[in-house]
1. Identify the residue in the stretch 288-312 that is touching a residue at least 24 places away in the same chain (Cβ under 8 Å) and either touching a Phe, Trp or Tyr at 6+ places or on another chain (Cβ under 8 Å) or in a loop (DSSP other than H, G, I, E, B) (or both) and, among all such residues, is most open to solvent (accessible area, probe 1.4 Å).
2. Just wondering, is there one or more residues in the stretch 27-40 that are of a type outside the set (A, V, I, L, M), more than 22 Å from the chain's Cα centre (by Cα), assigned by TED's automatic domain parsing to the domain that holds LYS99 and modelled with pLDDT under 95?
3. Looking only at the stretch 222-235, count how many residues are under 13 Å from THR274 (Cβ atoms), open to solvent by 30 Å² or more (accessible area, probe 1.4 Å) and in contact (Cβ under 8 Å) with a residue 40 or more places away in the chain.
4. Within the stretch 141-172, restricting attention to residues that are within 16 Å of ligand 2 (Cβ to nearest atom) and open to solvent by 10 Å² or more (accessible area, probe 1.4 Å), which residue is farthest from LYS286 (Cα to Cα)?
5. Here is a list of conditions, (1) away from ligand 2 (no atom under 16 Å from the Cβ); (2) open to solvent by less than 50 Å² (accessible area, probe 1.4 Å); (3) assigned to a helix (DSSP H, G or I), and LEU315 meets all of them except one; can you say which number that is?
6. Being away from ligand 2 (no atom under 16 Å from the Cβ) and hydrophobic (A, V, I, L, M, F, W, C) is the requirement here; does LEU91 meet it?
7. Please go through the stretch 108-161 and give me each residue that is of a type in the set (Lys, Arg) and modelled with pLDDT of 95 or more, ordered by number.
Amino acid sequence: MKILAIESSCDETACAIVEVNKGCFKILANVISSQVKVHAKFGGIIPEVAARLHVEKILPIIDKAIEQANLNWKKIDYIAVTGGPGLVSSLMVGVETAKTLAYVYNIPLVRVNHIEGHLLSAGGAKNTKQKFPLVGLVVSGGHTQIILVEDYLKYKLIGETRDDAAGEAFDKVAKILGLGYPGGPAISTRAEDALKYKNQVTKKLQKIKSKIKIKLPRPMLDSENFDMSFSGLKTASRYLWEDLNKELSAKDLEKAKALVAEEFQKAVIEVLVTKTVRAAKKFNAKSIILGGGVSANSALRKSFSDATELAGLNLLIPDFQLTGDNAAMIGMAAYYHIKAKNFVQPFNLKADPQWELV
Ligand code: KG4
Ligand code: ZN
């Protein structure tokens with residue numbers, strides 16, 4: 001079966017074609033048009049601008065995916081679309097396009113939750129069979145959730161952030177440090193610089209480091225539950241950065257910035273890894289499955305890989321091109337809805353910006 005999937009929940013216009021054959025997925029096309037450069041000028045996403053760009057891009061992107069897969073509409077068996085959560089005006093572009101195409105070509109339509117797409121983006125890429133239960137961690141710009149996957153389409157929320165999502169914290173701390181948008185990749189690069197600077201710490205910086213500890217809290221690390229909180233970490237990062245600004249020269253500040261980025265990243269990763277591994281043990285899961293934009297972070301991937309190895313757990317991690325928003329993950333998640341015959345009538349489908357998976 002061939003599934004054409006559309007994703008437009010935030011600032012990526014995406015279309016993918018996923019083939020499912022004897023329980024194995026093959027991504028025939030995965031076209032993504034990112035608006036990140038446009039929004040970077042504003043320091044964040046402007047919903048009105050995002051929607052307008054989706055309108056401009058969506059049809060050319062769909063055409064491109066069909067062309068890349070060397071197919072035509074007669075060969076498409078199903079259409080899948082992200083129904084929510086996300087920015088309403090962005091979602092509507094994908095949803096209205098998918099509805100129209102499903103109606104005109106008379107192709108069955110399924111709606112997929114964006115978080116379900118991220119959640120299954122790692123497991124699906126190779127084959128559709130998993131040993132359940134899995135413990136999933138979705139870490140994106142809008143969500144940070146630990147989810148128990150009892151089976152496909154059977155999810156339970158184990159824990160989530162009580163305030164900012166991890167990706168949001170990356171973006172906000174990057175802004176505080178003057179690193180631009182999106183913050184995740186910028187912090188990650190600066191944190192790598194910190195390793196370089198460790199060998200060339202000036203006397204002044206050394207003195208400051210003994211005066212101002214470049215140490216941030218690990219919020220809720222020891223709490224009994226699986227909830228998290230990243231808002232206080234963001235505030236602590238701001239105070240630390242302000243203190244350093246009072247003491248350091250511009251040159252030393254650049255180095256200190258890398259050290260703060262590294263410490264912030266370490267704090268977020270420690271909380272995410274500890275809570276997720278603890279949840280896997282508690283719920284007797286054999287595997288942890290990661291997904292979402294933050295799962296592109298190489299230090300996070302390495303920490304999860306080390307921690308799961310130590311705990312004797314399997315780690316399912318998405319390919320880099322499936323970490324950020326993409327339509328291939330929507331196509332893969334759609335497969336389970338198609339198997340369950342969860343179809344929607346085109347005229348009944350509406351974008352749902354608040355749609356929670358669990
Ligand atoms: O999943 P995603 O593309 O969109 C949402 O559904 O929100 O996630 C975007 C988030 C942004 O906050 C971005 O800063 C973060 O993922 N991100 C990263 C990295 N790449 C993207 N965070 C940390 N390290 C990265 N390498
Ligand atoms: Zn996303």
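1. In the first step, residues of the stretch 288-312 are kept if they are touching a residue at least 24 places away in the same chain (Cβ under 8 Å); the result is 288-300, 303-304, 307-308, 311.
Imposing the further condition that a residue be either touching a Phe, Trp or Tyr at 6+ places or on another chain (Cβ under 8 Å) or in a loop (DSSP other than H, G, I, E, B) (or both) reduces the set to 288, 290, 292, 294, 296-297.
On the way: ILE288: 0, LEU290: 0, GLY292: 0, VAL294: 17, ALA296: 34, ASN297: 14 Å².
Ranking the qualifying residues of the stretch 288-312, first place goes to ALA296.
2. Among the residues of the stretch 27-40, not one is of a type outside the set (A, V, I, L, M), more than 22 Å from the chain's Cα centre (by Cα), assigned by TED's automatic domain parsing to the domain that holds LYS99 and modelled with pLDDT under 95, which makes the answer no.
3. Within the stretch 222-235, residues that are under 13 Å from THR274 (Cβ atoms), open to solvent by 30 Å² or more (accessible area, probe 1.4 Å) and in contact (Cβ under 8 Å) with a residue 40 or more places away in the chain number 2.
4. Taking the candidates together, the pick is ASP171.
5. Single failed check for LEU315: (3).
6. Details: away from ligand 2 (no atom under 16 Å from the Cβ): no; hydrophobic (A, V, I, L, M, F, W, C): yes.
No; evaluated as a whole, the condition is false for this residue.
7. Narrowing the stretch 108-161 to residues of a type in the set (Lys, Arg): 111, 126, 129, 131, 154, 156.
Correct list: ARG111, LYS154, LYS156.
Here is a yes/no grid of residues against (1) more than 19 Å from the chain's Cα centre (by Cα); (2) open to solvent by 10 Å² or more (accessible area, probe 1.4 Å):
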{"residue": "VAL93", "(1), (2)": "yes, yes"}
{"residue": "GLU96", "(1), (2)": "yes, yes"}
{"residue": "ALA102", "(1), (2)": "yes, no"}
{"residue": "VAL110", "(1), (2)": "yes, no"}
{"residue": "GLU116", "(1), (2)": "no, no"}
{"residue": "VAL135", "(1), (2)": "no, no"}
{"residue": "VAL138", "(1), (2)": "no, no"}
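The values are calculated or read from the model by the stated rules, or taken from the named source; none is laboratory data. These numbers come from a predicted model, not from an experiment. Every residue, glycine as well, gets a Cβ built from its backbone with ideal geometry; the counts of neighbours run over all protein chains shown. Surface accessibility is based on the protein's heavy atoms, side chains included, excluding ligands, DNA and RNA. Shrake-Rupley method; radii C 1.70, N 1.55, O 1.52, S 1.80 Å.
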